[in-house]
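Have a look at the structure below, then the notes.
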Amino acid sequence: IRVKDPKKSIEFYKSFGMKLMYEYHGDDFSIYFLASNVADDVEDTTSRGNCDGRFGPILELTHNHGTEDDDDFSHFNGNEDGRQGF
């Protein structure tokens, strides 16, 4: 899921009991992986191994750097004319 404000989005999903499993910060984007039904707190969110072998859904959030300051920025939702996937 693409997000404009990762801090708000992560806190939103944490309010449902999800935990941040892994995060990666590239030059112009960041990705965050969250999961539910995690027994222990994850101390090192920079380890990709936190997501290996997990049974169950993992949510990926993608943040394109700079969009949080752009009031006119919006994502296409796939329902616009000429943009339907099916």
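The values are calculated or read from the model by the stated rules, or taken from the named source; none is laboratory data. Nothing here was measured: the structure is a model prediction, and the numbers come from that model. Using ideal geometry, Cβ is built from the backbone for each residue, glycine included, and neighbour counts are taken over all protein chains shown. The area values use the complete protein model at the heavy-atom level, side chains included, leaving out ligands, DNA and RNA. Shrake-Rupley method; radii C 1.70, N 1.55, O 1.52, S 1.80 Å.
So the values come out like this:
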quantity: Contacts under 6 angstrom Cβ, first residue in segment 8-29 being touching a residue at least 60 places away in the same chain (Cβ under 8 Å), partner open to solvent by less than 100 Å² (accessible area, probe 1.4 Å) and among the aliphatic types (A, V, I, L, M), 6 or more apart; calculated: none
quantity: Residue check, S9 hydroxyl-bearing (S, T, Y) and modelled with pLDDT of 90 or more; calculated: yes
quantity: Residue list for segment 2-15, restricted to those being exposed (fewer than 12 other Cβ atoms within 10 Å of the Cβ) and farther than 19 Å from D72 by Cα; calculated: K7, E11, S15
quantity: Flag for N79 being at pLDDT 70 or above, open to solvent by less than 80 Å² (accessible area, probe 1.4 Å) and closer than 22 Å to V3 by Cα; calculated: no
quantity: Tally of residues being under 22 Å from K4 (Cβ atoms), modelled with pLDDT under 75 and open to solvent by less than 60 Å² (accessible area, probe 1.4 Å) across segment 35-76; calculated: 1
quantity: Segment 20-34: number of residues that are in contact with a helix residue (DSSP H, G or I) (Cβ under 9 Å, 6 or more places away or on another chain) and open to solvent by 30 Å² or more (accessible area, probe 1.4 Å); calculated: 3
